[in-house]
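A short worksheet on the structure shown next.
FYI, it's all coordinate maths here, none of it is from the lab. All of these numbers come straight from a predicted model, not from anything done at the bench. Methodologically, a virtual Cβ is constructed for each residue, glycine included, from the backbone with ideal geometry; neighbour enumeration extends over all protein chains shown.
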Amino acid sequence: MHVLFVIDPLPGLKAWKDSSVAIMRSLAARGHAFSFAGMGDLFVDQGRVRVAATAMRLRGDADWMGHGWWTQDADARDCDLTEFDAVLMRKDPPFDMEYVYATHLFDYAQAQGARVFNAGSAIRNHPEKLAITEFAQYTAPTLVSRDMARLRAFHAQQGDVIVKPLDGMGGSGIFRLQPGEPNLGAILESLTELGTRTIMAQRYIPEIAQGDKRVLIIGGEPVPFALARIPLQGETRGNLAAGGRGVARPLSAHDLELARAVGSRLAGRGLLLIGLDVIGDYITEINVTSPTCFVEITEQTGFDVAGRFVDALQQALGAV
């Protein structure tokens, strides 16, 4: 099997904990080959979706803490996406128009016979914050709007809310608005860009103190452990990028219920890998672009998350 990773530049990856690198290591252990490309390496020529892809190998003396963990076999070559057994979209957001264009190219490539995971249309049709609206029974009170009066009324009704941009990642742009917040107007004006940009407001969930849990769903089945991302003292964000501490825990019965409800509905839509963000009893986001936390869960529990992903990929390809 030969797998193409559409991914961020390799020198910038933190290989010791990067989930995409963990998938590469699992593929290599099974004797599979892989190549890499950036999103900007995708192009259409004479109606065919093609890519400038570079074959790569993991070094036997890999320095996972540095940049010496991979080597390329040759220069990039132009080829059809159909030449690969699977294409993995592992490019991190921001989910801007270039990202949207890439999902369209993946759709065209799939129509030509390529196998893309997660599928382009599935990524595009399930924006990570808005996708929770399909599962309102599992979410805290939520408002999506750019109307300042409506957002102010929601805050007055709920008292303590979280507001965030729809296209942020890693905890960026998230604010907690408590009762009597003196900067309420300024924060809402800034996030909505004076009422021209839609944002999300959610009732604050106090259980964030126990962690913002990442629950992984692979091939429709939940991984039995979640990574609880515990906020720093005085922080409201548990994101690892915002300084949160990751602690792996077995899924609770309620976590399992949430994951099975989401997995059973979404797995058939071209979403091989899903990452739920769960605080307390509530889903706060459904991540479908490049969900992470593989390595942290594996190191703390011994459960081989990357191996589970490769099993599911092989099954999806009929190459068990």
Subject >> Backbone HN-Hα couplings from phi across segment 282-292 [Karplus 6.51/-1.76/1.60, Hz, Gly and Pro as x] >> reply: 10, 7, 10, 8, 10, 8, 10, 7, 8, x, 10
Original post:
Quick one: Kirkwood hydrodynamic radius for segment 173-320, alpha-carbon pairs, angstrom, one decimal?
Top reply: 16.7
Original post:
Taking Cα pairs under 8 Å and at least six residues apart, what relative contact order does the chain come out at, in percent?
Top reply: 18
Original post:
Among 19-27, 252-260, how do they line up from the highest to the lowest mean number of other beta-carbon atoms within 10 Å?
Top reply: 19-27, 252-260
**OP:** Hey, could you grab the Kirkwood Rh for segment 57-158? Inverse mean 1/r over distinct alpha carbon pairs, Å, one decimal.
**Re:** 17.7
Original post:
What is the set of long-range amide H partners of residue 140 at a cut-off below 5 Å, with H atoms built 1.01 Å from backbone N?
Top reply: 283
**OP:** Name the shape class, rounded, prolate or oblate, that the alpha-carbon gyration tensor gives for segment 141-204, where a ≥ b ≥ c are the square roots of its eigenvalues, rounded holds for a/c under 1.5, and otherwise prolate holds if a/b is larger than b/c and oblate otherwise.
**Re:** rounded
Subject >> For segment 270-320: rounded, prolate or oblate by the Cα gyration tensor [a/c cutoff 1.5] >> reply: oblate
**OP:** Find the relative contact order for segment 207-317 and round it to a whole percent, using C-alpha pairs within less than 8 Å whose residues are 6+ positions apart.
**Re:** 29
Subject >> Approximate shape of the chain as ellipsoid semi-axes (Cα gyration tensor, √5λ), whole Å, largest first >> reply: 35, 22, 18
Subject >> 5 angstrom amide H check on residue 69, placed H, neighbours 5+ away >> reply: 63
Subject >> Contact order relative to length of segment 2-125, as percent, for alpha carbon pairs under 8 angstrom and 6 or more apart >> reply: 27
Original post:
With charges only on Cβ, +1 for K and R and -1 for D and E, what is the dipole size of the chain about its Cα centre, in debye, rounded to 20?
Top reply: 400
Original post:
Under a straight-distance cross-link criterion of Cα-Cα below 12 Å, which aspartates and glutamates are reachable from residue 129, leaving out those fewer than 8 residues away in the same chain?
Top reply: 167, 277, 285
